[in-house]
């Protein structure tokens, strides 16, 4: 039983690493999109805005999503609804993987069950869910591309 649990934890860590890493990339793209809306041309004020507001530990992924939702320009985009659906999916899965507990007795290598310890909700991490995440990631990388100055 212990060998099975070790393999489950290794598989979960592998999945967590991928999702968390990809989520950071998506958050960076969103951050840059918001930044470039306010500062289309790089300048001193824009740099300060980026480093002292947008790119701090106090301004989290959820805060960036809410700010994106509040900007009328973005709401007018044809792709706005798709972007929001994908951002919320990514945020939810990222948070589940980061904070929910592994139910070892309910899990298999291809069917990992996580549970919210407070709400007692569950999510099943399987190939189908990971494929859905990849589709959202791909859509967001097309619609919120990261561009260097």
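From the list 64, 41, 88, 76, the lone residue that is modelled with pLDDT of 95 or more and more than 21 Å from the chain's Cα centre (by Cα) is 76. Look at segment 16-43: where a residue is touching a residue at least 60 places away in the same chain (Cβ under 8 Å) and a partner is crowded, with 18+ Cβ neighbours inside 10 Å and outside any helix (DSSP H, G or I), sitting 6+ places away or on another chain with Cβ atoms under 6 Å, you get 29/144; 30/144; 33/144.
Evaluated against (1) loosely packed, with under 13 Cβ neighbours inside 10 Å; (2) more than 15 Å from residue 18 (Cα to Cα); (3) out of contact with any strand residue (DSSP E or B) (no Cβ under 7 Å at 6 or more places or on another chain), residue 111 falls short on exactly one condition, (3). Yes or no: segment 4-20 includes at least one residue that is within 19 Å of residue 144 (Cα to Cα) and in contact with a helix residue (DSSP H, G or I) (Cβ under 8 Å, 6 or more places away or on another chain). The answer is yes; a qualifying residue exists.
Among the residues in segment 26-40, are any touching a strand residue (DSSP E or B) at 6+ places or on another chain (Cβ under 8 Å), surrounded by 12 or more Cβ atoms within 10 Å (Cβ to Cβ) and within 25 Å of residue 141 (Cβ to Cβ)?
Going residue by residue through segment 26-40, those that are touching a strand residue (DSSP E or B) at 6+ places or on another chain (Cβ under 8 Å) are none.
No, every residue in segment 26-40 fails to be touching a strand residue (DSSP E or B) at 6+ places or on another chain (Cβ under 8 Å), surrounded by 12 or more Cβ atoms within 10 Å (Cβ to Cβ) and within 25 Å of residue 141 (Cβ to Cβ).
Of the numbered criteria (1) outside any helix (DSSP H, G or I); (2) over 22 Å from residue 136 (Cα atoms), the one residue 78 fails is (2).
Could you please let me know if residue 59 is out of contact with any strand residue (DSSP E or B) (no Cβ under 7 Å at 6 or more places or on another chain), outside any helix (DSSP H, G or I) and surrounded by 13 or more Cβ atoms within 10 Å (Cβ to Cβ)? When the stated conditions are applied, residue 59 passes them.
Could you tell me whether any residue of segment 124-134 is crowded, with 18+ Cβ neighbours inside 10 Å, more than 30 Å from residue 38 (Cα to Cα) and at pLDDT 95 or above? Among the residues of segment 124-134, at least one is crowded, with 18+ Cβ neighbours inside 10 Å, more than 30 Å from residue 38 (Cα to Cα) and at pLDDT 95 or above, which makes the answer yes.
The values are calculated or read from the model by the stated rules, or taken from the named source; none is laboratory data. These numbers come from a predicted model, not from an experiment. Cβ sites come from the backbone with ideal geometry, for glycine too, and all protein chains shown count toward neighbours.
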